[in-house]
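The values are calculated or read from the model by the stated rules, or taken from the named source; none is laboratory data. The model shown is predicted, which means the values in this text are computed figures rather than measured ones. As a convention, Cβ positions derive from the backbone with ideal geometry for all residues, glycine included, and neighbour counts pool all protein chains shown. All accessible areas refer to the heavy atoms of the entire protein, side chains included, with ligands and DNA or RNA removed. Shrake-Rupley method; radii C 1.70, N 1.55, O 1.52, S 1.80 Å.
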Amino acid sequence: MYLVVDMKKLSVIIFENDAEAIQSLQIFEAENRVLFSIISIENDITNLVSLVNEFKPDAIILAADIFSFPEAELNKIVVRKPKLVFISKHKEDAFKAYANIALDFILKPLNPNYLIVSVYRIIRYIEMENAYQQKVLSGIEDINKKENKAKHVTITSVDKIEILKTDAIMYCKADGKYTEFYTVKGKKLSSKNIGEYSTLLEEHFFRIHHSYVVNIKYIDEVIKKNGVFCKLSNGDILPVSRRKQESFINFINKK
Amino acid sequence: MSFKFHRIMMIDDEEIDNYLTKALIKNNNLAKKVIVFNNGFDAINYIKDHKDISDKLPDLILLDIYMPKMDGIEFLDVLSGIPLVDEGKCKVCVVSSSVIDNDILKSKLSKKVHYFTKKPITLNFLQTI
């Protein structure tokens, strides 16, 4: 069993009009289909940006001895920027590869030993970018969880829309098509039904009953006599429906 | 056709590394046969099964260190305990990922290790071993 289940297959657009180089690349593709796939071979760069936006190639192979990479156009690319490999008959064009932050530069005539290494480098680079991105995103998620980022719900009534911090909500009670919000600043009425709110309220909220969604931060006690009830910090006592009792107890114990 | 090595064994859990090395070996006729394992455990079983058949044992083993099931260090421990019909076989080249501290790694390696390189394995390296 391999750790990476499927090897990444690179999709590539080639900008080249030298027949020999094109042939080398096609032979390389035929021998390495598992890793390398040519989307198209273009003999002019005017459509580079639209081709990239349409086909989202992983990489571009560009003949630096024929074309000049359109740096000015790059901010029109709306998809993930493809990795660049420059190829040329002239060593001096390596400078262009650095200037455009290419991942590799290969001298023509193209040698499959160098092409395979380029492909390897691109695959590895994409893996690293993805791993880094994952790390950054989960770091942000962790910080948000710790700081308990303020969440809000909107309360819609005939004449206004109020934005309420979820931390201020003690519990919600269904009233037909409406929902009553019991907050630290008093009662508020919304014209949306409770079902719509139960999906929005997460983390510290639990639907204890088809008529009640409670914020566990405001529960002082859970009474287990003649059924299960929540006693809130303002003195209100709410029933927990029989169906929900077990999952409610589990929920409380985990928080 | 003469090959530099009769048989090379690669042990690495990463498919892309195996692909690259195998391509370089095949394209440049560096070995007649290439055998690939993605963990040390299966590689050890192969060697145990063929310890008396010189022809089936690899001349060179390219060994990755960080793998699941049995890592490179454990592989080396077990390998040093297997009596081979030809002790010139199974020369190990440790292939490390360049992020790891190589000095600490080197201190853990056994006498069976003849060569040491970093990923990615280069053609130049294979040609000059």
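Kindly indicate the residue of segment A:21-38 that is away from chain B (no Cβ under 14 Å) and open to solvent by 60 Å² or more (accessible area, probe 1.4 Å) and also nearest to residue A:108 (Cα to Cα) among those meeting that condition. Walk me through how you get there before you give the answer.
First, pick out the residues of segment A:21-38 that are away from chain B (no Cβ under 14 Å): A:21-23, A:25-26, A:37-38.
Of the ones still in play, those that are also open to solvent by 60 Å² or more (accessible area, probe 1.4 Å) are A:23, A:26.
Working: A:23: 12, A:26: 15 Å.
Going through the qualifying residues, I end up with A:23.
How many residues does segment A:100-135 contain that are of a type outside the set (Val, Ile, Thr) and assigned to a loop (DSSP other than H, G, I, E, B)? Write out each step before concluding.
To start, the set of residues in segment A:100-135 that are of a type outside the set (Val, Ile, Thr) comprises A:100, A:102-105, A:107-115, A:118, A:120-121, A:124-125, A:127-135.
Narrowing further to those that are assigned to a loop (DSSP other than H, G, I, E, B): A:100, A:102-103, A:108-111.
The number of residues fulfilling the criteria is 7.
All but one of (1) within 14 Å of another protein chain (Cβ to nearest Cβ); (2) free of Cβ contacts under 8 Å to residues at least 24 places away in the same chain; (3) over 24 Å from residue A:127 (Cβ atoms) hold for residue B:15; state the number of the condition that does not hold.
Going through the list (1) within 14 Å of another protein chain (Cβ to nearest Cβ); (2) free of Cβ contacts under 8 Å to residues at least 24 places away in the same chain; (3) over 24 Å from residue A:127 (Cβ atoms), residue B:15 breaks only (3).
Among residues belonging to segment A:106-119 that are touching a strand residue (DSSP E or B) at 6+ places or on another chain (Cβ under 7 Å) and either farther than 26 Å from residue B:127 by Cβ or free of Cβ contacts under 8 Å to residues at least 40 places away in the same chain (or both), point out the one that is nearest to the other protein chains (Cβ to nearest Cβ).
A:114
If I ask for residues that are at pLDDT below 95 and either open to solvent by 30 Å² or more (accessible area, probe 1.4 Å) or more than 29 Å from the chain's Cα centre (by Cα) (or both), which ones from segment A:99-120 would you list? Can you show your working first?
So the first thing to find is which residues in segment A:99-120 are at pLDDT below 95, and the list is A:99-101.
Those that are at pLDDT below 95 and either open to solvent by 30 Å² or more (accessible area, probe 1.4 Å) or more than 29 Å from the chain's Cα centre (by Cα) (or both): A:99, A:101.
One residue is enough: does segment A:42-64 have a residue meeting the conditions closer than 19 Å to residue A:25 by Cβ, part of a helix (DSSP H, G or I), open to solvent by 40 Å² or more (accessible area, probe 1.4 Å) and not aliphatic (A, V, I, L, M)?
yes
Can you tell me how many residues in segment A:1-17 are assigned to a loop (DSSP other than H, G, I, E, B) and either within 14 Å of chain B (Cβ to nearest Cβ) or open to solvent by 30 Å² or more (accessible area, probe 1.4 Å) (or both)? Walk me through how you get there before you give the answer.
In the first step, residues of segment A:1-17 are kept if they are assigned to a loop (DSSP other than H, G, I, E, B); the result is A:1-9, A:16-17.
Pick out the ones that are also either within 14 Å of chain B (Cβ to nearest Cβ) or open to solvent by 30 Å² or more (accessible area, probe 1.4 Å) (or both) and you get A:1-9, A:17.
Final tally of qualifying residues: 10.
Tally time: how many residues in segment B:5-31 are over 25 Å from residue B:75 (Cα atoms) and open to solvent by 60 Å² or more (accessible area, probe 1.4 Å)?
Matching residues across segment B:5-31 total 3.
Within segment A:136-174, count every residue that is modelled with pLDDT under 90 and part of a helix (DSSP H, G or I).
As a first pass, look at segment A:136-174 and keep what is modelled with pLDDT under 90: A:136-167.
Narrowing further to those that are part of a helix (DSSP H, G or I): A:136-147, A:166-167.
So the count comes out to 14.
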